[in-house]
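A.B. asks: Sharing a structure below in structure tokens format, with a few things to ask.
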Number of protein chains: 2
Amino acid sequence: MSSHTIKIYRNLMGANERWAGKTRRLLKQKNILMLNLIGSPGAGKTLLLERTVRPLSRRLRFAVLEGDVATTRDAERLAKLHCQVSQLLTGGSCHLQAKMVYHAIRDLPLDKLDLLIVENVGNLVCPAEFDIGEHAKVAVLSIAEGEDKPLKYPSLFRTARAVVLTKLDLLPHLKFDLPACRTYLRQVNAALPVFPVSSVTGRGLKPWIRWLEECRASVGGS
Amino acid sequence: MSSHTIKIYRNLMGANERWAGKTRRLLKQKNILMLNLIGSPGAGKTLLLERTVRPLSRRLRFAVLEGDVATTRDAERLAKLHCQVSQLLTGGSCHLQAKMVYHAIRDLPLDKLDLLIVENVGNLVCPAEFDIGEHAKVAVLSIAEGEDKPLKYPSLFRTARAVVLTKLDLLPHLKFDLPACRTYLRQVNAALPVFPVSSVTGRGLKPWIRWLEECRASVGGS
């Protein structure tokens with residue numbers, strides 16, 4: 001009987017899911033909640049985190065993983081606020097892959113953390129398709145992008161556990177139809193809580209911070 | 001001597017480039033210029049086209065291919081203006097593929113066209129990586145996205161032949177640093193012409209229309 005060597009090529013998505021599974025087990029073991037923030041380039045994800053750091057650090061111990069195609073600008077912005085932050089550079093890839101996220105998490109002081117927030121690459125399409133082991137996806141949509149985006153890019157909004165509507169301070173200067181946006185969001189995902197915020201004025205930040213705390217509490221209790 | 005059947009799997013990108021090549025040959029044969037508009041969701045690509053239709057239709061015969069993940073909203077907006085438009089739905093894919101574009105072009109009355117404008121899926125990353133047979137990519141960046149985007153998403157800006165900076169009317173309400181944005185664009189692509197426009201007020205549209213005409217003329221003369 002001869003022996004044969006058979007090469008097996010797994011699809012990339014399968015490999016991604018294995019790494020996401022490793023992350024999930026690690027987070028469970030360490031009792032840490034992980035959220036995956038997803039939105040277009042310039043949706044205001046980093047500014048939202050900048051405004052979140054101070055009030056949240058009084059309540060929870062957390063770290064941020066900053067995903068970007070290029071540059072360390074976003075991580076530097078958060079580091080200035082004494083936020084624990086790591087920069088994940090995809091080198092051209094349009095989304096964070098679970099393997100890179102897992103290794104970044106492994107390097108953190110996990111026994112001293114309650115919450116991990118991942119800011120994914122600025123992209124409303126691809127990051128929604130790739131599991132990184134998070135407990136929940138959070139959609140970040142700037143009102144400057146227009147009220148129809150939940151219908152035009154339904155995948156993220158269908159799977160997200162919450163949506164933050166950013167740049168509310170621009171409302172008087174835009175033709176953005178907030179009630180229509182809420183209707184479209186309900187059409188795509190009836191149970192989705194919506195947090196309209198302005199990171200410039202601070203409006204709406206409190207309910208968002210409270211939601212983060214509640215999310216964390218629900219994971220800790222499970 | 002025994003015969004063997006060997007299966008060959010070409011990578012998808014290779015297949016994409018074959019279809020892009022077919023499109024390029026067809027466009028050359030019919031003497032049509034094709035531009036590929038790329039920008040984030042809500043960057044103002046469709047509104048720019050809405051404002052472009054009337055002045056451009058006095059000068060050139062053109063059609064638009066609207067690329068979207070879902071819905072026919074954008075094509076309907078342009079059809080209302082009596083613009084010749086086709087809707088290309090990717091059904092989840094984050095970019096237009098060359099094969100779909102080729103088949104859509106084949107269905108157009110090519111002998112009656114000078115220019116084709118493709119509005120790609122709203123995404124600053126992936127569409128820049130996939131050739132659809134266009135003569136040139138045009139980057140569309142809303143100033144609401146922030147001045148650092150050319151550095152953070154360099155791939156598109158490196159390969160684009162022009163950049164349209166949209167939503168200029170919001171400048172008084174944003175912390176957008178226009179000179180810094182121009183510097184970043186030059187760092188990434190020194191020769192890139194920049195067209196700051198407001199599709200709301202009409203400011204800056206004339207140089208953009210003129211550029212489209214000049215582009216068309218340069219292809220027609222080659």
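A.B. asks: Size of the dipole of the range A:164-222 about the Cα centre, Lys and Arg at +1 and Asp and Glu at -1 on the beta carbon, nothing else charged, in debye to 20?
C.D. replies: 60
A.B. asks: Which value, in square angstrom to the nearest 100, describes the accessible area buried between chains B and A on both sides, using a 1.4 angstrom probe?
C.D. replies: In total, this chain pair buries about 2500 Å².
A.B. asks: Rounded to the nearest whole Å², what accessible area per residue is found for the range A:129-222 with the 1.4 Å probe?
C.D. replies: With the other protein chains kept in place, the range A:129-222 gives 42 Å² per residue.
A.B. asks: On to the next question. To make sure I understand the rule: partners must be aspartates and glutamates, Cα under 16 Å from the Cα of B:Lys80, and not fewer than 8 residues away in the same chain. Which ones qualify?
C.D. replies: Result set, ordered by chain and number: B:Glu50, B:Glu66.
A.B. asks: Still on this model: Report ³J(HN,Hα) in whole Hz for each residue of the range B:37-51, in order, from the Karplus equation J = 6.51 cos²θ - 1.76 cosθ + 1.60 where θ = phi - 60°; Gly and Pro get x.
C.D. replies: Rounded to whole hertz, the list is 7, 10, x, 5, x, x, 6, x, 5, 5, 5, 4, 5, 4, 6.
A.B. asks: Can you tell me what share of the DSSP beta bridges in chain A is antiparallel? A percent to the nearest 5 is fine.
C.D. replies: 0
A.B. asks: Sticking with this one: Per residue and in Å³, how big is the convex hull formed by the alpha-carbon atoms of chain B?
C.D. replies: Measuring per residue, one finds 157 Å³ for the Cα hull of chain B.
A.B. asks: Comparing B:Pro172, B:Pro193, B:Pro127, which has the greatest mean-square fluctuation in the GNM of chain B with Cα pairs linked when under 10 Å apart?
C.D. replies: B:Pro172
A.B. asks: So, in Å, what gap is there between the alpha-carbon centers of the range A:119-163 and the range B:118-181?
C.D. replies: When both Cα centres are located, 20 Å separates them.
A.B. asks: Continuing with this model, one more query. Carbon-plus-sulfur fraction of the accessible area of the protein assembly as shown, 1.4 Å probe, in percent?
C.D. replies: C and S fraction of accessible area: 51 percent.
A.B. asks: Next question. Can you give me the three principal axis dimensions of the range B:167-222 from its C-alpha atoms, in Å, biggest first?
C.D. replies: In descending order, the Cα extents are 43, 29, 9 Å.
A.B. asks: Moving to a separate point now. GNM, chain B, Cα, under 10 Å: largest mean-square fluctuation among B:Leu115, B:Leu151, B:Leu185?
C.D. replies: Residue with maximal mean-square fluctuation among B:Leu115, B:Leu151, B:Leu185: B:Leu151.
A.B. asks: Please work through chain B and write down the cysteines that have no neighbouring cysteine Cβ at a distance under 4.7 Å.
C.D. replies: That list is B:Cys83, B:Cys181, B:Cys215.
A.B. asks: A further question on this structure: What are the distances, in nm and sorted shortest first, from the label point of B:Leu89 to the label points of the same position in each other copy, with each label point placed 7 Å from Cα along the Cα-to-Cβ direction?
C.D. replies: 4.1
A.B. asks: Now for a separate question. What are the residues whose amide H is under 5 Å from the amide H of B:Phe195, where those residues sit 5 or more places off or on another chain and H is modelled from the backbone?
C.D. replies: B:Val163, B:Val164, B:Leu165
A.B. asks: When averaged across all projection directions, what area in nm² does the alpha-carbon convex hull of the range A:38-80 cover?
C.D. replies: 3.3
A.B. asks: Right, here's the next one. So for chain B, averaging the separation of alpha carbon pairs under 8 Å that are six or more residues apart and normalising by length, what relative contact order in percent results?
C.D. replies: 25
A.B. asks: At 7 Å along Cα-to-Cβ for each site, give me the label-to-label distance between B:Ala136 and B:Ala15 in nm.
C.D. replies: 3.2
A.B. asks: May I pose another question? At R0 = 41 Å, how high is the FRET efficiency between B:Arg58 and A:Thr183 if r is their beta carbon distance? Nearest 0.05 is fine.
C.D. replies: Working from the Cβ atoms, E equals 0.60.
A.B. asks: List, shortest first and in nm to one decimal, how far the label point of A:Gly14 (7 Å from Cα along Cα→Cβ) is from its counterparts in the other copies.
C.D. replies: So the distances to the same position in the other copies read 2.2 nm.
A.B. asks: Shifting gears a bit: Along the range B:117-132, what does the Karplus equation 6.51 cos²θ - 1.76 cosθ + 1.60 (θ = phi - 60°) give for ³J(HN,Hα), rounded to whole Hz, x for Gly and Pro?
C.D. replies: 10, 9, 9, 6, 4, x, 4, 8, 10, 5, x, 5, 8, 10, 5, 10
A.B. asks: Something else now. Given R₀ = 22 Å, FRET efficiency for B:Leu171-A:Lys175 by Cβ-Cβ distance, to 0.05?
C.D. replies: Once the sixth-power term is evaluated, E becomes 0.85.
A.B. asks: Also: Ordering A:Lys22, A:Lys45, A:Lys175, B:Lys28 by how much accessible area each has at a 1.4 Å probe, largest first, what is the list?
C.D. replies: The ordering from most to least exposed comes out as A:Lys175, B:Lys28, A:Lys22, A:Lys45.
A.B. asks: I've got another one for you. Taking amide hydrogens as modeled 1.01 Å from N in the peptide plane, which residues meet the under 5 Å criterion relative to A:Leu33, leaving out close sequence neighbours?
C.D. replies: Distant-sequence amide H within range of A:Leu33: A:Leu115, A:Leu116.
A.B. asks: If one computes the Cα centroid of the range B:79-109 and of the range A:10-61, what distance in Å separates the two points?
C.D. replies: After rounding, the separation between the Cα centres reads 36 Å.
A.B. asks: What translational D, rounded to a whole number of µm²/s, comes out for the range B:116-222 from Stokes-Einstein when the hydrodynamic radius is the Kirkwood one over Cα pairs, at 4 °C and 1.567 mPa s?
C.D. replies: 89
A.B. asks: Put a point 7 Å out from Cα along the line to Cβ at B:Glu213; what are the distances to that point in the other copies, in nm, shortest first?
C.D. replies: So the label point of B:Glu213 gives 6.2 nm to the other copies.
A.B. asks: For the protein assembly as shown, evaluate the Debye formula with one uniform point scatterer on each Cα (no solvent term) and list log10 I(q)/I(0) at q = 0.06, 0.13 Å⁻¹, rounded to two decimals.
C.D. replies: The calculated log intensity ratios at q = 0.06, 0.13 Å⁻¹ are -0.27, -1.17.
A.B. asks: Among the lysines, which have Cα under 22 Å from the Cα of A:Lys137 when same-chain residues fewer than 8 positions away are ignored?
C.D. replies: Qualifying lysines at Cα under 22 Å: A:Lys22, A:Lys28, A:Lys30, A:Lys45, A:Lys99, A:Lys149, A:Lys152, A:Lys167, A:Lys206.
A.B. asks: How large is the Rg to Rh ratio of the range A:25-155 when both quantities use alpha carbon positions and Rh follows Kirkwood?
C.D. replies: 0.95
The values are calculated or read from the model by the stated rules, or taken from the named source; none is laboratory data. Please read these numbers as outputs of a predicted model, since none were measured by experiment. Cβ: placed from backbone, ideal geometry, glycine included. Neighbour counts: every protein chain shown. To get the accessible areas, we keep the full protein, side chains included, count just its heavy atoms, and leave off ligands, DNA and RNA. Shrake-Rupley method; radii C 1.70, N 1.55, O 1.52, S 1.80 Å.
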